[in-house]
Every structure is written in C-alpha cells, then in structure tokens.
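**Q** Let me give you the structure first, and then I'll get to my questions.
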Amino acid sequence: MIIVQDTTFYSGFLMLILAPELFNKLKDLGSAFHSGKVSKGALKKTEALLEEFDEEQLFGSNELDQTEPPTLLMDDVQFSYPEGFQLSHINFVAKPYEKIALIGATGSGKTTLLHILAGLVPHTNGSYLLGTIHLREIEASSWYDQMTLISQDGYLFAGTIAENISLGSKKKPTNEAVLNAATEAGIIEWIEQLPDGIHTLVGEGGRGLSGGERQRVFMARAFYKKPNVVFFDEPTTGLDLRTETMLQASLKKLSEQSTVIIVAHRLYTIREADRIYLLENGTIRASGTHETLWKEDDLYRIMITTQQGGTQA
Ligand SMILES: Nc1ncnc2c1ncn2[C@@H]1O[C@H](COP(=O)(O)OP(=O)(O)OP(=O)(O)O)[C@@H](O)[C@H]1O
Ligand SMILES: [Mg+2]
C-alpha cells in the first residue's frame, strides 16, 4: 500500500510497461535452463554411446602409410546386426588401384560390406588388414584422411556448394581448387548456371538438390580430396542418361588415381571391374572377372541377362 501511495502515475505506468519485459526474460531464462538440462542429458547419452563404440575398438594408434593405397585384405570376416542379418565367411582383396565391384540382389549385404570395408562398422570375427596392419590397430585419421565414401543416401551440409565439395579434406579450401575438382567431376557447367555458382547455398535452408545432383557434388568432393581409396554405393535408380554418363566418366577418371570399391548395379560398371564379388544372403557366392563368372556361375548369368533384357553379355 505504502509503495502504491508513493508511486507517481508516471513511474507506475512505466512499471506496468516494463513488467512483461522482465517476465519474458525470466521465461526465456526458464526455457534456456530447460534446454541446458536436456542437452546435458543428451551429452551424457552420446558420451555413453561413444564409450561403447570405443570398447569395440574400431581403431588403434598405428599410422598408415599415405603414399599409395593399401591392399585391403579380409580373411573370414563376420558381422551381424543385432536384428539378425549376418555377413559371414567374407574373403576379400583389393590391391592398389584395382576397381572392385560388389554385386548381388537387394538385401544381400552389399552396403553393409562396403561400410565394414570403409571402417565405419567394426567386424566381429576374422581379420581385416590394411597393408600389413589390422584395421583395429590403425590410427583413425590416418585411414579416414586417405579415403572417401560416396554413399547411397549421402548428406549435404547446410552451406555453400564449395564448402560441401571441400568438406573432409585437410587442404586449405581455395576457389581454384574447388573449381578444378568440379571440372574434373564434370559438373562445372551445372554449377555455373546456379544463382551464385560455387557459393550457392545448399542443404538445410538452402537449395534442395536431387539425388543425381547430390551424387555429382560427392563425386567432386572425391576429386577435391584425391583419396587413395574410394568407396562408392552406386545409385540404383533415378538418374537421367546425361548424369549417368557423367558419373561413369568421373568414376573412370577416379579409378586411375585411386583404388575404387563400388556397389555396382550397372552392367557397364560391372564389366569394367578388375574383380567382381557376387553376394548372396550375406556370403560371397562367387568372385572373379566378368568373363569367368559368366562362364562359371548361373546366378551371375541370370542377373546379367535380366539386366540387359535377355541378350548375351
Ligand atoms: N542398420 C541396420 N540394422 C539392422 N539391419 C540392417 C541395417 N542395415 C541393413 N540391415 C539389413 O541387412 C540386410 C543387408 O542390407 P544391405 O543394406 O547391406 O543390403 P544391400 O545389398 O546393400 O541392398 P540394396 O541393393 O537394396 O541396397 C538387409 O536385410 C537389411 O534389412
Ligand atoms: Mg545397398
């Protein structure tokens, strides 16, 4: 009462106007506190997950030679998802600069095997050597620095095309290097007709790109990084002939400077491979060149014949 009596109309009016400001700030403080608590909880969960991942010991501390691609050698490797699918008895080799195709029906385990080869998922039994060192004993960045994975459902980060192309490389990004990579990947004309060229924003909040366009950016990323080993999950459908031809040409160029391991669906890619691994229900049913498999494996013959509508390969 005393306060009210002593307050002039002017200061009372001012208090009434300012009160909501104060309460809004208090409310903001409340939600910031809540977000803080939630984030802290999320951080704890992430830490626990990372620790669990560490226990599986995907990597170690040995440096891997960077000068040329290591031979990738799997001996009787096994892997299973908790839900049930299993890869077993995987024997695999990719020598430096070879082009290897993984083929098989949908669900046969091609992408899973590609991810294990790339070191994204730890295998359970058997051994996986990069050169002479077990993957488990290699220092993670000395492997990741020399490989690129172009996945089926790759992710573009919110940012410019240039940032997305230079992502994952240790090189200092320059416009010139980005433009060179884009030229090598055959996408320079496409980039030039975008509103801001290589500075066009893509991803969240930016321009959405089609599957084919995204794959082209990923291809340019590979040319930018010049990795020793490229893992490529070839898109199953949805590319127009021009994009398709462009991707094939880029892939050919990439395979001259890197080992390429590719989950292949196109007959052209399959026939070009130095060696083909045919997967069936999580195991390798057969391996060899197109000519050998064509002669020796009836499933291979059926797959290839279906691919090209009944005529002989
Ligand atoms: N993260 C996962 N957790 C559990 N099961 C999975 C997971 N990813 C794939 N699978 C299962 O593993 C099996 C092999 O999947 P994978 O993706 O390796 O097949 P694919 O040969 O690449 O098939 P596609 O040709 O359709 O791409 C499938 O049965 C799939 O449902
Ligand atoms: Mg797949």
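**Q** Can you pull out the residues in the stretch 140-150 that are in contact with a helix residue (DSSP H, G or I) (Cβ under 8 Å, 6 or more places away or on another chain) and in a loop (DSSP other than H, G, I, E, B)?
**A** Within the stretch 140-150, no residue meets the criteria.
**Q** Here's another thing I want to ask about it. Confirm whether residue 204 is among the acidic types (Asp, Glu), more than 21 Å from the chain's Cα centre (by Cα) and loosely packed, with under 14 Cβ neighbours inside 10 Å.
**A** Against the criterion (among the acidic types (Asp, Glu), more than 21 Å from the chain's Cα centre (by Cα) and loosely packed, with under 14 Cβ neighbours inside 10 Å), residue 204 does not qualify.
**Q** Pairs only if they're at least six apart or on different chains, beta carbon under 6 angstrom, first in the stretch 242-260 and at pLDDT below 80, second part of a helix (DSSP H, G or I) and small (Gly, Ala, Ser); list them, first residue then second.
**A** That search, which allows pairs on different chains as well, returns 243/212.
**Q** Could you list, in sequence order, all residues of the stretch 128-168 that are hydrophobic (A, V, I, L, M, F, W, C), within 27 Å of residue 78 (Cβ to Cβ) and surrounded by fewer than 17 Cβ atoms within 10 Å (Cβ to Cβ)?
**A** Result: 140, single match.
**Q** Here's something else I'd like to know. Mind telling me which of the residues 115, 89 ends up being assigned to a helix (DSSP H, G or I) and at pLDDT 85 or above?
**A** After applying the criteria, what remains is 115.
**Q** Sticking with this structure for a sec: Within 24 Å of residue 253 (Cα to Cα), part of a loop (DSSP other than H, G, I, E, B) and either away from ligand 2 (no atom under 13 Å from the Cβ) or touching a Cys at 6+ places or on another chain (Cβ under 9 Å) (or both): is that true of residue 96 in this structure?
**A** Yes, satisfied.
**Q** Hey, does the stretch 182-200 have a residue that's farther than 18 Å from residue 153 by Cβ, at pLDDT below 85 and away from ligand 2 (no atom under 16 Å from the Cβ)?
**A** Within the stretch 182-200 (the criterion being farther than 18 Å from residue 153 by Cβ, at pLDDT below 85 and away from ligand 2 (no atom under 16 Å from the Cβ)), the answer is no, since none of the residues qualifies.
**Q** Of (1) buried (at least 16 other Cβ atoms within 10 Å of the Cβ); (2) at pLDDT below 80; (3) not in a helix (DSSP H, G or I), residue 209 satisfies all except one. Which?
**A** Going through the list (1) buried (at least 16 other Cβ atoms within 10 Å of the Cβ); (2) at pLDDT below 80; (3) not in a helix (DSSP H, G or I), residue 209 breaks only (2).
**Q** Now a separate question. Sort out which residues of the stretch 159-185 are closer than 14 Å to residue 217 by Cβ and acidic (Asp, Glu), and write them in order of number.
**A** Result: 163, 184.
**Q** All but one of (1) surrounded by fewer than 20 Cβ atoms within 10 Å (Cβ to Cβ); (2) among the aromatic types (Phe, Trp, Tyr); (3) within 16 Å of ligand 2 (Cβ to nearest atom) hold for residue 268; state the number of the condition that does not hold.
**A** (3)
**Q** Assess whether residue 292 counts as being away from ligand 1 (no atom under 16 Å from the Cβ), surrounded by fewer than 20 Cβ atoms within 10 Å (Cβ to Cβ) and either at pLDDT 95 or above or not aliphatic (A, V, I, L, M) (or both).
**A** Working: away from ligand 1 (no atom under 16 Å from the Cβ): yes; surrounded by fewer than 20 Cβ atoms within 10 Å (Cβ to Cβ): yes; either at pLDDT 95 or above or not aliphatic (A, V, I, L, M) (or both): yes.
The answer is yes for residue 292.
Table: residues versus (1) outside the structural domain of residue 276 (by TED's automatic domain parsing); (2) under 20 Å from the mean Cα position of the chain (by Cα); (3) more than 15 Å from ligand 1 (Cβ to nearest atom).
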{"site": "32", "(1), (2), (3)": "yes, no, yes"}
{"site": "64", "(1), (2), (3)": "yes, no, yes"}
{"site": "76", "(1), (2), (3)": "no, no, yes"}
{"site": "81", "(1), (2), (3)": "no, yes, no"}
{"site": "101", "(1), (2), (3)": "no, yes, no"}
{"site": "109", "(1), (2), (3)": "no, yes, no"}
{"site": "115", "(1), (2), (3)": "no, yes, no"}
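**Q** So residue 230 fits all but one of (1) in contact with a Gly (Cβ under 9 Å, 6 or more places away or on another chain); (2) part of a strand (DSSP E or B); what number is the exception?
**A** (1)
**Q** Exposed (fewer than 15 other Cβ atoms within 10 Å of the Cβ) and at pLDDT below 95 - does that describe any residue in the stretch 93-105?
**A** First pass over the stretch 93-105, keeping only residues exposed (fewer than 15 other Cβ atoms within 10 Å of the Cβ): 95-96, 105.
Remaining after also requiring at pLDDT below 95: 105.
The answer is yes; a qualifying residue exists.
**Q** So, in the stretch 102-158, how many residues would count as being more than 11 Å from ligand 2 (Cβ to nearest atom) and on the phi > 0 side of the Ramachandran plot?
**A** Summing the residues that are more than 11 Å from ligand 2 (Cβ to nearest atom) and on the phi > 0 side of the Ramachandran plot in the stretch 102-158 gives 3.
The values are calculated or read from the model by the stated rules, or taken from the named source; none is laboratory data. These numbers come from a predicted model, not from an experiment. Glycine also receives a Cβ, built like all others from the backbone with ideal geometry; neighbour counts cover every protein chain displayed.
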